[in-house]
Amino acid sequence: MSTSLNIGEFEITTVQDHIGADRNPTEIYSEVPASAWDPYRDFALDPDGFYRSQWRGHLIRSSNGGPSVLVDTGMGPGPHEHTGKPGELLDSLGALGVSPEEIDIVVITHTHGDHIGWNVSYDGATARATFPNARYLIARADWDHYSKPENSNEAFEHSVKPLEALGALELVEGVHEIRPGVSTLPTNGHTPGHQCVLVESGGETGVVTGDLFHNVAQISEQDWCPVFDWDTTISTRSRRELLGRAERENWTVFSGHLGIDKSIGKIVSGGGKTSWHAL
């Protein structure tokens, strides 16, 4: 089990926030018959037939120095209803010797609540950026979509909208260089502006996938879509294209929600199936 791997000069480290709620696959993948899960139950579901996603961010640092990048900020301080416990992202960063002030760039893969929760902190009604020295990079397509009253939600209003007034927001489009060797990679569909983060160095490539997939079974069944996907046609195309490229080019994949024991892996083929090989 790895929680940190090097891609050339860059170290990419999982930063755990909290264990998510148990998910019933037939509710989350409502178009997938229960029997279709049978080949995957041993490794994609627990003995009770559920799966538990995890909330996390990823820290990207270079051995050559330069800006520290945090990809996604988890569900937030909590306490969270399903456990009664607080989020742990800041504690997890602290265990890595990193303070909020040392984060230079926050990249949000998409603006769902479990990826933006630590963006903003509050002193009473007063908002402040949790990472006070950081620029927060958010896809313009997500900002434009969720800023409309008919599409907005509490998480967006609480954890994204204040960044504009705080002067911390930077809207990005397409492939955007975050720092040399690190860039956004549009993979729309889960949300209008969903983006992965691509890390390239020393002939190696890693990708932080956000919510391109939620369960390991989707590596084999790439047309399976959770009810959270904004547009399943686009999300399926994005998933197929990125996972296909990751296999062909031997990328290391850093997943958004797989359990910590298998969250980093490779896409491999064998026996007529594409599958996940955890590192």
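Across the range 130-145, computed HN-Hα scalar couplings (Karplus, 6.51 cos²θ - 1.76 cosθ + 1.60, θ = phi - 60°) run 4, 10, x, 9, 9, 8, 9, 9, 10, 5, 4, 4, 5, 4, 5, 5 Hz from first to last residue, x flagging Gly and Pro. Extension gain, Arg237 to Ser4, is 81.0 nm, computed as 0.36 nm per intervening residue step minus the present C-alpha separation. Taking the Cα centre of the range 4-278 as reference, the dipole from Cβ charges on Lys and Arg (+1) and Asp and Glu (-1) amounts to some 400 debye. Taking the chain as a Gaussian network of alpha-carbon nodes connected by springs under 10 Å, the highest mean-square fluctuation of the residues Gly181, Gly78, Gly124 belongs to Gly124. Peptide packing for 95-102, 84-91 was compared via the average number of neighbouring C-beta atoms within 10 Å per residue; ordered from the highest value, the list is 84-91, 95-102. Between (1) 18.9; (2) 21.4; (3) 22.4, which entry matches Kirkwood radius over Cα pairs in Å as derived from the coordinates of this structure? The listed entry that was calculated here is (1). Net length available on complete extension from His277 to Asn151 is 41.6 nm, with 0.36 nm assigned per residue and the Cα-Cα distance removed. Cross-link partners for Lys161 among the lysines, with Cα-Cα distance under 30 Å and sequence neighbours closer than 8 places in the same chain left out: Lys85, Lys148.
Averaging the sequence gap over all C-alpha pairs within less than 8 Å and six or more residues apart, then dividing by the number of residues, gives the chain a relative contact order of 18 percent.
No lab work stands behind these numbers, since they all come straight from the coordinates. Note that the coordinates shown come from a computational prediction; the quantities given were computed from them, not determined experimentally. As a convention, Cβ positions derive from the backbone with ideal geometry for all residues, glycine included, and neighbour counts pool all protein chains shown.
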